[in-house]
Amino acid sequence: MNRTRRTAGYTFIEVLIVLIIVGLLVKIAFPRYHEMKRQAIAGKAAADYNALKLAAYAYHTEFQTWPAEAAAGVVPPELVSDLPVGFNFDRVEYTLDWQNWQLPSGLPQFPGQNMLMALTISTTDPELAYTILNKLGSRTVHFNSGNSTTFVILEQ
């Protein structure tokens, strides 16, 4: 009796081992992918902050006044010409809000300081909010409220 062994295809055990290995690789790589994506979005928010800061200074240099406040998700009209074409305050992952606070009496330690400019970055993802805060928080004065952080741009 001559038994011939079939050589085409894989056994159940071989397929099972491959699936276990792929499953382990996905379990290791998937959280890292999300962290890298969150870091990239936070980097984009930091770049938006810097672009707005430069646009506000450029506007002030040209007109000797600061851009007026705008609603959340709305680009202040004064900044449009100094921002990249198509710059949007309403991003998929977060929303920007330009703040302009008039201080008639100034600050307690600096009575001559009559205005504060700031940018609020709001998101529905608490981990993204924390990552943005870590990326920008050590470089600027900021106020945190839940998933929204306001970063002071200008003190005058």
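For the range 91-99, 3J(HN,Hα) computed residue by residue from phi via the Karplus equation (6.51, -1.76, 1.60; θ = phi - 60°) reads 8, 5, 8, 7, 10, 9, 9, 7, 10 Hz, glycine and proline entered as x.
Projecting the Cα atoms of Thr150, Gly112, Leu83 onto the dipole axis of the range 12-155, where Lys and Arg carry +1 and Asp and Glu carry -1 at the beta carbon, places Thr150 farthest toward the positive end. Relative to the first principal axis of the alpha-carbon coordinates of the chain, what is the inclination of helix 12-63, with its axis defined by its Cα atoms, in degrees from 0 to 90 and to the nearest 10? That works out to roughly 10 degrees. Close amide H partners of Ala70, meaning residues 5 or more places away or on another chain with modelled amide H under 5 Å apart, are Trp98.
Along the chain, the longest continuous region that contains none of the trypsin sites (Lys or Arg not before Pro) in a DSSP loop with at most 13 other C-beta atoms within 10 Å is 7-138. Checking every one of the chymotrypsin sites (Phe, Trp or Tyr not before Pro) in the range 1-82 against DSSP loop status and a limit of 15 other Cβ atoms within 10 Å picks out Tyr10.
By the scheme Lys and Arg +1, Asp and Glu -1, what is the net charge of all other residues having a beta-carbon under 13 Å from that of Ala58? Intermediate values should be presented prior to the final figure.
Details: positive: Lys53; negative: Glu62, Glu78, Asp82.
So the surrounding residues net to -2.
Find out how many positive minus negative residues lie around Ala47, taking Lys and Arg as positive, Asp and Glu as negative, among other residues whose Cβ is under 11 Å from that of Ala47. Intermediate values should be presented prior to the final figure.
Details: positive: Lys44, Lys53, Lys135; negative: Asp48.
Around Ala47, the surrounding residues sum to +2.
Taking every lysine pair in the chain that is 8 or more places apart or spans two chains, those with Cα atoms closer than 19 Å amount to 5. Karplus-derived 3J(HN,Hα) values for the range 118-133, using 6.51 cos²θ - 1.76 cosθ + 1.60 with θ = phi - 60°, are 8, 10, 9, 10, 10, 8, 8, 9, x, 5, 5, 4, 5, 5, 5, 4 Hz; glycine and proline are entered as x. The charge dipole of the range 12-155, taken about its Cα centre with unit charges on the Cβ of Lys, Arg, Asp and Glu (plus for the first two, minus for the last two), comes to roughly 460 debye. Counting neighbouring beta carbons within 10 Å and listing from fewest to most, the residues Leu103, Leu133 come out as Leu103, Leu133. Between amide H atoms placed 1.01 Å from N, distances below 5 Å from Ile153 occur with Met117, Ala118, Leu119, all of them 5 or more places distant or on a separate chain. Near the amide H of Arg91, within less than 5 Å, lie the amide hydrogens of Leu96, all on another chain or at least 5 residues away, with H placed in the peptide plane. Each residue of the range 65-82 was assigned a 3J(HN,Hα) from its phi angle through the Karplus expression (A = 6.51, B = -1.76, C = 1.60, θ = phi - 60°), giving 8, 9, x, 6, 5, 10, 5, 4, x, 10, 6, x, x, 5, 8, 4, 6, 9 Hz with x at Gly and Pro. Look at Phe110, Phe151 and count the other Cβ atoms within 10 Å of each Cβ; fewest to most, that gives Phe110, Phe151.
Each reported figure results from applying straightforward, stated rules to the coordinates on display, with no laboratory input. Owing to the predicted nature of the structure, the values given are computational and were not obtained by experimental measurement. Note that each Cβ is placed from the backbone with ideal geometry, even for glycine, and that neighbours are counted across all protein chains shown.
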